[in-house]
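Just so it is clear, none of the values below were taken in a lab; they were calculated from the coordinates. If you're wondering where the values come from, they're calculated on a predicted model, not measured in any experiment. Neighbour counts run over all protein chains shown; Cβ positions are idealised from the backbone, glycine included.
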Amino acid sequence: MEDIKFNVRALAAMTKGSIEELAKMADINPTHLKDVSANRVKMTARDLVNLSKATGVKIENIDIGE
């Protein structure tokens, strides 16, 4: 059974906030995180670590949008 992968929008919903609020929690530029969510740019390793710390979701369960 595969683990569930959470994209940026799902992570924001988990925190009951917007992508902008998630970005603030994770110390990520909000415009960059919106671009990641829209698949305009790739998620960085720093983004991944910060999102994991901010949400409590394991790194391997965050969708990096390949």
Open item on the list: Give me the residue from segment 19-40 that is under 15 Å from ASP63 (Cβ atoms) and polar (S, T, N, Q) and, out of that set, farthest from the chain's Cα centre (by Cα).
Closed with: ASN39
Open item on the list: If I ask for residues that are in contact with a helix residue (DSSP H, G or I) (Cβ under 7 Å, 6 or more places away or on another chain) and outside any helix (DSSP H, G or I), which ones from segment 9-18 would you list?
Closed with: THR15, SER18
Open item on the list: So, in segment 50-60, exactly how many residues are surrounded by 15 or more Cβ atoms within 10 Å (Cβ to Cβ), of a type outside the set (Ser, Thr, Tyr) and part of a helix (DSSP H, G or I)?
Closed with: 3
TODO: Mind listing whichever residues of segment 50-62 are out of contact with any helix residue (DSSP H, G or I) (no Cβ under 8 Å at 6 or more places or on another chain) and either free of Cβ contacts under 8 Å to residues at least 12 places away in the same chain or within 12 Å of VAL8 (Cα to Cα) (or both)?
DONE: GLY56, ASN61
Open item on the list: Anything in segment 28-49 that is among the aliphatic types (A, V, I, L, M), under 12 Å from ILE64 (Cα atoms) and surrounded by 15 or more Cβ atoms within 10 Å (Cβ to Cβ)? List them, or say none.
Closed with: LEU33, VAL36, VAL41, MET43, LEU48
- [ ] Would you mention how many residues in segment 19-49 are in a helix (DSSP H, G or I) and either out of contact with any helix residue (DSSP H, G or I) (no Cβ under 9 Å at 6 or more places or on another chain) or over 12 Å from VAL8 (Cα atoms) (or both)?
- [x] 7
